[in-house]
Structure formats: C-alpha cells, structure tokens
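The values are calculated or read from the model by the stated rules, or taken from the named source; none is laboratory data. Quantities reported herein were computed from a predicted structural model and do not represent experimental measurements. Neighbour counts run over all protein chains shown; Cβ positions are idealised from the backbone, glycine included. Only protein heavy atoms, including side chains, enter the accessible area calculation; ligands, DNA and RNA are left aside. Shrake-Rupley method; radii C 1.70, N 1.55, O 1.52, S 1.80 Å.
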Amino acid sequence: MRSRILRSTIAVVAVTGLFLGLPLMFYTWRWLDDAARTDLQHRLTRASSEILGQDQRTGDSGEPPVAALRLLVPSGGRLVLTYTDGDGVPRELTVGADAPLERPMVEGTSLGEAGVLRLEQDYSTVRSEQYRALTIELIVMALSVTAGVVVAAVTASRVADPVQDVADRAQRLADGDFRPDPNRHGIEELDRVLDVLDAATVEIADRLQRERQIVGDVSHQLRSRLTAIHIRLDELTLHADPEVVSEARAALDQVDRLTSSVSDMVQMARTERTPQGTVDIRAELTPLLADLAPSFEKAGRRLTVVSGREAPLPARATATRVREATAVLVDNALVHGHGEVRVTLGAVGAHTVLVTVSDEGSGISDGDAQRIFRRGYSVGNGTGVGLALARASIEGDGGRLQLQSRRPTTFAIFLPAASPDDRPEPPVTREPEPR
C-alpha cells in the first residue's frame, strides 16, 4: 500500500508539473523574446527622438549626436544611421560593434529627410537569457517533484503503517489471537475499525469458549454411551451363533470408527489450527465406503465405487474432514436419492484430487440448487446442517465442495494434490477424557 500511495502521489506531482511547467516554459521563452524586441524598439524610438531633436534645434542635418546614441546601443549591439549630409553625399554612421553581427535581432525605422535608422542586437544574448530562465524553471520543477516525493513518503508512512497494523490485527484474530490491542493511530476511521475488531475479539472468544465447553460435554456423553455399547457388543462376540458374532464384530468396528471420529473432531475443536498433511484419499475412503455398503443392500440399492487403478491419491487435507464430508454426501444419496449411488475416486491433472458422489434420482430443482448448501435449509426432512458442515470442512482444508450436476445429482469434492515433498499427516494426539 505504501508503494501505491507513493507512486500515485509522485505521478500526480509529475503530471501537474508537466501541465503547468511546460506551458510556463513556452510562454517564458516567448516573453523574453518579445521583451528583447520591445526594449530594442524603445531604444530605437529614443535614438530617433535624439536625431530628430537635434535637427529641430539646429535647423540642419549636421553631424548626428554620437555620444547620445552610444548610450542607447545595447551591449554587443550595433546602431547604423544612413543619411545625406549637407553637401548631398550619402553617409553611414555606425555606433557600437564595427563588424556586422552573425545572428542579429534587427529593428529599423525611417526618419524622413534625416535618413534611415537601424538598431541591431546579438540574438545569442537573448538566447542566453531564455536558457537561463528555462534552467531556473527546470530547477523549480525538480524541487517541486522532490518536495512531492518527500510529502508522498511521509503521507504513505502516515497512512500505510496504520492500515498495515489493522491488517495485522485482523490476521492475528484469524490466527486465534484474541488479545485486545489498545494501540490507536489518531486516524478516526482506522481507530473505529480497531474498536470494532476489539469488540468482535471479545465476542468471538466468548463464543469459542462456550462452544468448546459444549463440545467437551457432548463428546463426554457420546464416549460414555459408546463405551457402554462397546461393552455390550463385546459380550455378543462370545455368543455361540457365528452370524451373531460376525455382526457384533462389524458393529464393534463401527463403534471404534465412530469413537475415533469423535476424538478427532474434539481434538480439532480444541486446537487453534487443524493438523493438515498428506492423506491418501483412496486408502481413507475405501474402508468407509465398505462400511456404508450394507446400508444400501438393506435398502435394496447398490453402492458402487469407481476407483480406477490402485495407486495412492495423495492430497493436502485432513483425513477426518474428508471422511466426514464424503459420509454426508453418501448418506444424503441414500436418504434423498434413488437407484445406484456411484462414488468415483480420481485426479484432475497433476494438482487436484477429485471425489464425486452421484445417484440416479430425479435430481435437484433450480431453486433448491441455489440454497442447498445454506445452513438450516433442507429439501426433505433433514436438519439442513450436513451439506453446510461438509462444505465448511472441505474449504477448511483449502478444497472445494460443489454441486456439479443437478440431473443426475452429482456432488464433487476437489482437494489440492500433495507434492512429493509433503509429509504425511501427523497423527492426532488424543487427550484422555473421563468416561
């Protein structure tokens, strides 16, 4: 911002100097030329008056008043009087420079019977005055631009530094630093922004504290209930019927996965930033989709996973967020869609990992498509939270979740592909909680 203010101010000063300085230099040049000619004309008029005055006083055209005429010749100039003496002989009187001038500025007049008077001045003298004036004006313009640069630098620092401080304050707020900042800059508008940021900081800190407390309470209750379910399922694994044991173990896997997801979500809620690293999307979603397949079989439908080759699909993301978002999309397809549900895992180019979920239902209307990701909005009997939460989770990892097609309904998750230098996602350290 400082450089923009500096450049714009310098540009304004420079343009103003050009628009004012160039015409001024032009008119100064013309004015000095006209002033030299006017001075030459005044000298010529006075010289004519001296010559004609002598004729009137003496009554004849004797010798011209050389001494008086010499005073009227400009420095380096030349006065030439052509006249006829008393004997009728043409004569020429030269006062000043003897040799003709190379580049003369000439003014002449006729004196009637007294002859012809011509006054010359060297043009180089006029040019030197003109160049001297232009040099002075250029120096003034340079000083003006320099002063403008100084003023621009001071103004840029006066304005840019407080604005940068406000931006840093907002960035610290986004990074989770909720400490108020009492510093003010004496600029009313920016100080009002800082006051609003401080007020928002207090409000956000209070809300986060309440939400984290609620999350802790809810997670405690969920884990208590999941622990009780886990104990009951453990008892079922001792049943004599093999089918009961198989179902109990499958249910235990679901409980363990749900417990892990709850722990990950609680940990992310308690940390300022979600641990993010390289995640193999194919390895993370394949077990999840396998666990969801029996629900489709019970509903008389089919869940098909199109995974292509078995090579890893590394992405810069958080495993828990990707799993939860995909689970929301697949569950919505089961509840609100029809026919086969197809999940495609692949890549778009070398920089994007793509996950799509589609079904064979009637699709989504134009009006619903505009509001489907709005929190609280649902086309059926749902809560209207799942899609909004899924989009927020994906966007939190720098990805994108969008409705790719309304008929058939197709949702797409775009995730940034991981580079070879990216390290795998660090494991989430879970704090023990009372059960």
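Going by what's in this entry, would V245 be described as in contact with a Ser or Thr (Cβ under 6 Å, 6 or more places away or on another chain), at pLDDT below 85 and over 25 Å from E340 (Cα atoms)? Steps first, please.
Values: in contact with a Ser or Thr (Cβ under 6 Å, 6 or more places away or on another chain): yes; at pLDDT below 85: yes; over 25 Å from E340 (Cα atoms): yes.
Yes, satisfied.
Could you list all residues from the stretch 172-199 that are over 22 Å from the mean Cα position of the chain (by Cα), within 17 Å of S157 (Cα to Cα), at pLDDT 75 or above and open to solvent by less than 80 Å² (accessible area, probe 1.4 Å)?
Matches in the stretch 172-199: G186, I187, D191.
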From the list L40, L52, L44, L79, which one is at pLDDT below 90, touching a helix residue (DSSP H, G or I) at 6+ places or on another chain (Cβ under 7 Å), open to solvent by less than 20 Å² (accessible area, probe 1.4 Å) and farther than 30 Å from M141 by Cα? L79
Mind listing whichever residues of the stretch 295-333 are farther than 20 Å from R375 by Cα, assigned to a helix (DSSP H, G or I) and over 40 Å from the mean Cα position of the chain (by Cα)? S295, F296, E297, K298
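Quick grid of which residues meet (1) in the same structural domain as G96 (by the TED database); (2) in a strand (DSSP E or B); (3) of a type outside the set (G, A, S):
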position: E113; (1), (2), (3): yes, no, yes
position: L134; (1), (2), (3): no, no, yes
position: L143; (1), (2), (3): no, no, yes
position: V149; (1), (2), (3): no, no, yes
position: A156; (1), (2), (3): no, no, no
position: A167; (1), (2), (3): no, no, no
position: F178; (1), (2), (3): no, no, yes
position: P182; (1), (2), (3): no, no, yes
position: D198; (1), (2), (3): no, no, yes
When the stretch 330-346 is examined, which residues are found to be closer than 11 Å to R282 by Cα and open to solvent by 40 Å² or more (accessible area, probe 1.4 Å)? T344
Among the candidates A327, A290, which residue alone is without any contact (Cβ under 8 Å) to a residue 60 or more places away in the chain, surrounded by 15 or more Cβ atoms within 10 Å (Cβ to Cβ), outside the structural domain of R249 (by the TED database) and not hydroxyl-bearing (S, T, Y)? A327
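With R375, R406, R423 as the choices, which residue is of a type in the set (K, R), out of contact with any strand residue (DSSP E or B) (no Cβ under 8 Å at 6 or more places or on another chain) and at pLDDT below 80? Walk me through how you get there before you give the answer.
Details: R406 fails: at pLDDT below 80; R423 fails: out of contact with any strand residue (DSSP E or B) (no Cβ under 8 Å at 6 or more places or on another chain).
When all the criteria are applied, what remains is R375.
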Which of the residues belonging to the stretch 115-124 are part of a helix (DSSP H, G or I) and touching a strand residue (DSSP E or B) at 6+ places or on another chain (Cβ under 9 Å)? Y123
When you look at T356, is it on the phi < 0 side of the Ramachandran plot, of a type in the set (S, T, N, Q) and buried (at least 19 other Cβ atoms within 10 Å of the Cβ), yes or no? no
Starting from the stretch 219-232, keep only residues that are of a type in the set (S, T, Y), then list their pairs with residues that are surrounded by 12 or more Cβ atoms within 10 Å (Cβ to Cβ) whose Cβ atoms are within a distance under 7 Å, requiring at least 6 positions of separation or different chains. S219/V262; S219/V266; S219/E433
Restricting to the stretch 237-252, give me the number of residues that are in a loop (DSSP other than H, G, I, E, B) and surrounded by 14 or more Cβ atoms within 10 Å (Cβ to Cβ). 1
It is to be established whether one or more residues within the stretch 145-162 are within 30 Å of W31 (Cα to Cα), free of Cβ contacts under 8 Å to residues at least 24 places away in the same chain and among the polar types (S, T, N, Q). yes
State which residue is nearest to the chain's Cα centre (by Cα) when the search covers only the stretch 97-123 and only residues that are surrounded by fewer than 17 Cβ atoms within 10 Å (Cβ to Cβ) and touching a residue at least 40 places away in the same chain (Cβ under 8 Å). G108
Residue pairs, Cβ under 6 Å, 6 or more apart or interchain, first in the stretch 388-406 and under 16 Å from A315 (Cβ atoms), second aromatic (F, W, Y). List them. G399/F414; R400/F414
Taking the condition touching a residue at least 24 places away in the same chain (Cβ under 8 Å), outside the structural domain of L18 (by the TED database) and either within 30 Å of G17 (Cα to Cα) or under 60 Å from the mean Cα position of the chain (by Cα) (or both), does L32 pass? no
